[in-house]
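**Student:** This is the structure, below, for whatever I ask next.
The values are calculated or read from the model by the stated rules, or taken from the named source; none is laboratory data. For clarity, every value in this text was computed on a predicted model and none was experimentally measured. Here the Cβ is made from the backbone with ideal geometry for all residues, glycine too, and neighbour counts use every protein chain on show.
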Amino acid sequence: MTRSTDPEVLSAYFATMRQFLATQSRVMSSFLGTQPAGTDLPALPAELSANMPGDMPMPFVAEASAPAPAFEAPQGPAPASVAAPVQEMPVVVPAANDRDTLSRDALVDLLLGLVEEKTGYPRDMVGLGQNLEADLGIDSIKRIEIVGSLLQQLPAHVRDALAEQRSKLNTQPNLQGMLDLVGQAAANVAAPVAAAAAAEAVAHAPATPVVDVAPAPPRWVMRPRHEPLGADAARGLTPGGFVLTGDRLGVANALAATLRSRDVDVAIVDAETLADEDKLLQWCAASAPATPIAGIVHLAPLGSPAIAADGSPAQWRQAIQANEKSLFLLLRELGSRMADEAHVVAASDLGGLFGREGSADDDLRLVGGGVGMVKSLSKERTSLRAKAVDLDPSRNANELAADLFAEIELDGGRVEVGYPDGERFVFHTVAEDVATDAAREEALAGVVVLATGGARGITAEVLRELARPGNVLVLTGRSPLPESEPAETAALADAEALRAHFVAQVRSGAAKMTPGEIGKRVQAVIGLREMLDNVKDLRAGGATVEYYAIDVTDDEGIRALVEGVTKRHGRIDGIVHGAGVIEDKLLADKRSDSWSRVVDTKVVGMLLLQKYVDPARLKFFNVFSSVAGRYGNSGQSDYATANELMNRLCTALQARWGQRVAVSALCWGPWGPTKFGAGMVTADTEAKFAEQGVRLVSAALGRKLFRGELSCAAGTPVEIVCGEALWDTREEELGVIRRVSVETPVDGATVGPLIGFSQEQAGTGGERILPLRLDASRHRYLHEHVLDGKPVLPAAVALELMAEAAKIMWPGWRVVEVREHKLLKGVELKGMDVRDSARNLQVRIAPPPYGSSEGFEVAASLESELAPGRFIPHYRCVLRLEQLLPAPEHADRQFHDDKALSTAKAYGEWLFHGPRFQVIEKIDGLSPQGAGASVRSTRPAQWLADGAGEQDWVFDPGLLDAAAQMAWLWSRAYRDESALPARFGRVVRYRERFPERMHMQYTRIASDDPTLIRGNVLFLDDAGEAVMSIEQLDSIASAALNRFGGTAQEASHVAA
């Protein structure tokens, strides 16, 4: 199914991607001549190619504390066969009674089993006191994964007791620390037997199978959308002092004056301090505010000078320090003093659109990376009020300060915001197909291409598109490439065999290695094999392939390489910059040198390529960026910064070089397997992606996307998001602006989530009327309910509108029941451009024929305006209002197992509903008697552009529509006909606010009418109590409606 992407799923992807790319940059240096500490293994041979220049660069190795002693085999005679494969011990989960008592031995067994499962190393090689990262190779991301699995398998009472200490568990330096925390929590609470049984079921649950998912478009671009702030937008400052960084435009002084006028203490860090890391660290230690820090606003990039395109890495690093790294250092050093809801703002002055839409000039400036940094930090500290604001430098300092302050005090809203000419814009990820240029496509024959990081992973995979006779592919990597794999490991088929081989050497006493060092050895061999296979395959395609070992941040090395290639081949036609280093850590734990390694490899490497390549001969310049930068990711604030800086530099290069060169920054989503590589994610992670509507980029799709950007037409956006997922959905949900009640425009005006502001009117017959405007720019759900290219008002929303009107008219009463809700004529908007399409509607409610303390009933209709003063009805119903909601009844679940149906197939092939309507999370099964499913409730803030404040639904149109969807699916499964709802016989609600998730059971009712699909629907909570019921839901079925199946993608393109 397609719905918002879960942050834990993205974290799983980036954790695996970290290992993938970190191996890419270090694989050969670990294999050739740089043995892990404590290893007695003989150095492996390094047969280097004749055309490899220079000395081998040292690998990047993450800093760590002194390692614990490596595992040493006990003294005694060596085993008969020291290199025999080692059987890995299975993961043993303690029995329920053991876990119930949580003995020390049971906890140790559980934790070591999880480490073995996650890392693949036998538990007898894992010491409880060993450093998780330095000795066991378990970084902060993997640690979070282990802690999550540990908590799942603990009894509920212990898990609850640890809720407040999860962050401590995640940051323990060793397993001993984790055990102490868990043991202490277990000792303080009782242990119910039922919790252990539940944990046992979790522990033995089978792995989630990979499922098909309804496809989203694979190619996306960033488009600005005007989003001014309304009078009802919630505003306020977090109490405490602010730290501002000085700038060259005077904005810091102007903003400080505004803050001080609100009685806020402000400290400004001057430019000289920001430019020197040591001075900045001293300032943080001695001069930062002692009071709780309520905000850090980074203004240093404003007015910063352009860098020289032919400058030196030292000059570029100085600009990175002043504009980007200084923010990282402030956030790291002051993070512990920041309030939970502190404001974190990164400002830039690229014109208000971050250089998009052709707004970039040809100056190269190292600004804008803060977008990735603050988005990533907001994933690590979710309560922060993070913003990345791009300003228009043509405005004066006071105006810019006012734009910034408006965004700082705003409660909610998207992180990434721009103010061109002082107008507020946000940026949406919009699906767009690439327009190609036939001439550019033809020019891809006989090309000379320089590709950094080109021998492994996705870079090597996409280069297969250029592996043709007559083409020259010049690949670079950090380490030399031997002619073949050493015989010692060549016969070992896979990672498991390699790991067993190295473990056997340790146990025999032939070597001393920690599990983390063994892991590096295994990955080095796997990486070498992939590189050798890729080079061979690219040559088999007909291309001339050269490989050079070089550090892409080495000025002299890149100069010599470019000059040498140009001398031998006469030119360089294309650049593919795929080199990257990933050293994931939470920002609070990130070392300065590690931050620079990650950023420099991407940014300085890219700048050196543009410095020495001849743009007059260049046809394309392509850099590999990432969705980690576009949308942020926990533990990757440095990597996100680097990718966003590349994105911004690419827009400037496009302006600098003109449309003759195709410049593109490809922000890749998660990849599946490549021809010789395993891909970026495990099978379990792929299954989680599938459940969240994210498809892995296949090798074929990745090559196609890459090829398309090489031959794109002039004027194509530079920044491209690549991957099949609804990237913008999560951004939109997180970017809701909180609303507050404001004074109504005129006396007597009222407001509701769907209706908005409305002035009640009196009808000629005593009716009460509430006018409303159905505007698709506000009613965003209309973008995802499209038939024949036209947005159509769902019957479920029509019901909710009439119930909402009654709630407004009689505020002391509750709308408990809707009867005979009937469709008379559908309400549709004209054309596909829904932003300019709207209709005037009104809810007309007749006066109640009676009234009593028990309640009353009214007749309601939803009408549209044909002409001034002339309205026609579209829906009618009877509403019942009472003082209290009816008491719920308990109901047993019904089971249907005649047919199975995945949500991927349901939403991808049979239904037409877009993401907001895709609330069916799992279909339990279907039978001739009905169906069952798991569903989730919705909120107005998810459906409406202005967020609708904190108001709630009356009946929840998402759930009502889910009932109609189930009727459609049942009809399609058993009659091969699709069915649209025409009547809700009786709808009763039993809760004021619905739980987040429920069970929905659909019971079929036989009918003599061959076109009628009739059923009862019951929504149950986890305890089996009724939440809402629908009696006689009638839908009209026809095979002609089958053509609408699978058109949700089309709907997502309508002004999405």
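**Student:** Please verify whether R916 is in contact (Cβ under 8 Å) with a residue 60 or more places away in the chain and under 33 Å from the mean Cα position of the chain (by Cα), treating the condition exactly as stated.
**Tutor:** Judged against the criteria, R916 is a match.
**Student:** Just the residues that are modelled with pLDDT under 95 and surrounded by fewer than 17 Cβ atoms within 10 Å (Cβ to Cβ), please, taken from the range 258-275.
**Tutor:** If the condition is that a residue be modelled with pLDDT under 95 and surrounded by fewer than 17 Cβ atoms within 10 Å (Cβ to Cβ), then R260, S261, R262, D263, D265 are the ones that fit.
**Student:** For the range 775-802, enumerate the residues that are assigned to a strand (DSSP E or B) and surrounded by fewer than 21 Cβ atoms within 10 Å (Cβ to Cβ).
**Tutor:** Scanning the range 775-802 gives D775, L787, K790, V792.
**Student:** Only one residue in G748, G693, G723 is at positive phi, at pLDDT below 85 and touching a strand residue (DSSP E or B) at 6+ places or on another chain (Cβ under 8 Å). Which one?
**Tutor:** From the options G748, G693, G723, the qualifying one is G748.
**Student:** Something else now. Being touching a residue at least 12 places away in the same chain (Cβ under 8 Å), in a loop (DSSP other than H, G, I, E, B) and more than 25 Å from A306 (Cβ to Cβ) is the requirement here; does R356 meet it?
**Tutor:** Criteria not met by R356.
**Student:** Could you grab me the full set of residues in the range 442-465 that are out of contact with any helix residue (DSSP H, G or I) (no Cβ under 8 Å at 6 or more places or on another chain) and within 19 Å of V623 (Cα to Cα)?
**Tutor:** T459 - this is the single residue of the range 442-465 that is out of contact with any helix residue (DSSP H, G or I) (no Cβ under 8 Å at 6 or more places or on another chain) and within 19 Å of V623 (Cα to Cα).
**Student:** Identify all residues within the range 906-931 that are over 20 Å from D956 (Cα atoms) and out of contact with any strand residue (DSSP E or B) (no Cβ under 9 Å at 6 or more places or on another chain); write none if there are none.
**Tutor:** Those that are over 20 Å from D956 (Cα atoms) and out of contact with any strand residue (DSSP E or B) (no Cβ under 9 Å at 6 or more places or on another chain): G908, E909.
**Student:** Further, regarding this structure: Which one of the conditions (1) assigned to a strand (DSSP E or B); (2) surrounded by fewer than 17 Cβ atoms within 10 Å (Cβ to Cβ) does A342 fail to meet, given that it meets all the rest?
**Tutor:** Every listed condition holds for A342 apart from (2).
**Student:** Another question about this same structure. Of the residues A628, A588, which is assigned to a helix (DSSP H, G or I) and surrounded by fewer than 24 Cβ atoms within 10 Å (Cβ to Cβ)?
**Tutor:** A588
**Student:** Sticking with this structure for a sec: Check the range 293-302 and report whether any residue there is surrounded by fewer than 20 Cβ atoms within 10 Å (Cβ to Cβ) and either out of contact with any Leu (no Cβ under 7 Å at 6 or more places or on another chain) or outside any strand (DSSP E or B) (or both).
**Tutor:** No, there is no match, as no residue in the range 293-302 is surrounded by fewer than 20 Cβ atoms within 10 Å (Cβ to Cβ) and either out of contact with any Leu (no Cβ under 7 Å at 6 or more places or on another chain) or outside any strand (DSSP E or B) (or both).
**Student:** Let me ask another. Regarding A256, is this residue closer than 30 Å to V552 by Cα and not assigned by TED's automatic domain parsing to the domain that holds P753?
**Tutor:** The answer is no for A256.
**Student:** Right, something else. With respect to S336, is the statement that it is under 17 Å from E380 (Cα atoms), in contact with a helix residue (DSSP H, G or I) (Cβ under 8 Å, 6 or more places away or on another chain), outside the structural domain of R559 (by TED's automatic domain parsing) and of a type in the set (S, T, Y) true?
**Tutor:** When the stated conditions are applied, S336 passes them.
**Student:** From the list R468, R478, which one is closer than 27 Å to F624 by Cα and modelled with pLDDT of 95 or more?
**Tutor:** Result: R468 is the single residue among R468, R478 that is closer than 27 Å to F624 by Cα and modelled with pLDDT of 95 or more.
**Student:** Within the range 993-1009, identify whether any single residue is in a strand (DSSP E or B), modelled with pLDDT under 95 and surrounded by 21 or more Cβ atoms within 10 Å (Cβ to Cβ), and answer yes or no.
**Tutor:** No, the range 993-1009 contains no residue that is in a strand (DSSP E or B), modelled with pLDDT under 95 and surrounded by 21 or more Cβ atoms within 10 Å (Cβ to Cβ).
**Student:** Sticking with this one: Answer with yes or no whether C667 is at pLDDT 90 or above, within 17 Å of the chain's Cα centre (by Cα) and of a type in the set (A, V, I, L, M, F, W, C).
**Tutor:** Yes.
**Student:** Collect the residues in the range 396-430 that are on the phi > 0 side of the Ramachandran plot and in a helix (DSSP H, G or I), keeping them in residue-number order.
**Tutor:** Hits for the range 396-430 are D421, G422.
**Student:** Which of the following residues is in the same structural domain as E341 (by TED's automatic domain parsing), more than 24 Å from T641 (Cβ to Cβ), surrounded by 23 or more Cβ atoms within 10 Å (Cβ to Cβ) and not hydroxyl-bearing (S, T, Y): A401, A388, A406?
**Tutor:** Matching residue, one of A401, A388, A406: A401.
**Student:** Taking interchain pairs and intrachain pairs at least six residues apart, which have beta carbon atoms under 7 angstrom, with the first residue in the range 789-815 and touching a residue at least 40 places away in the same chain (Cβ under 8 Å) and the second of a type in the set (D, E, K, R) and buried (at least 23 other Cβ atoms within 10 Å of the Cβ)?
**Tutor:** Note: pairs meeting the criteria are P794/D961; A796/D961.
**Student:** Here is a follow-up. Could you pull out the residue among L353, L364 that is touching a helix residue (DSSP H, G or I) at 6+ places or on another chain (Cβ under 7 Å) and closer than 22 Å to W595 by Cα?
**Tutor:** L364 is the lone residue from the list that is touching a helix residue (DSSP H, G or I) at 6+ places or on another chain (Cβ under 7 Å) and closer than 22 Å to W595 by Cα.
**Student:** Quick one: which residue in L400, L391 is over 21 Å from F328 (Cα atoms) and in contact with a strand residue (DSSP E or B) (Cβ under 7 Å, 6 or more places away or on another chain)?
**Tutor:** L400
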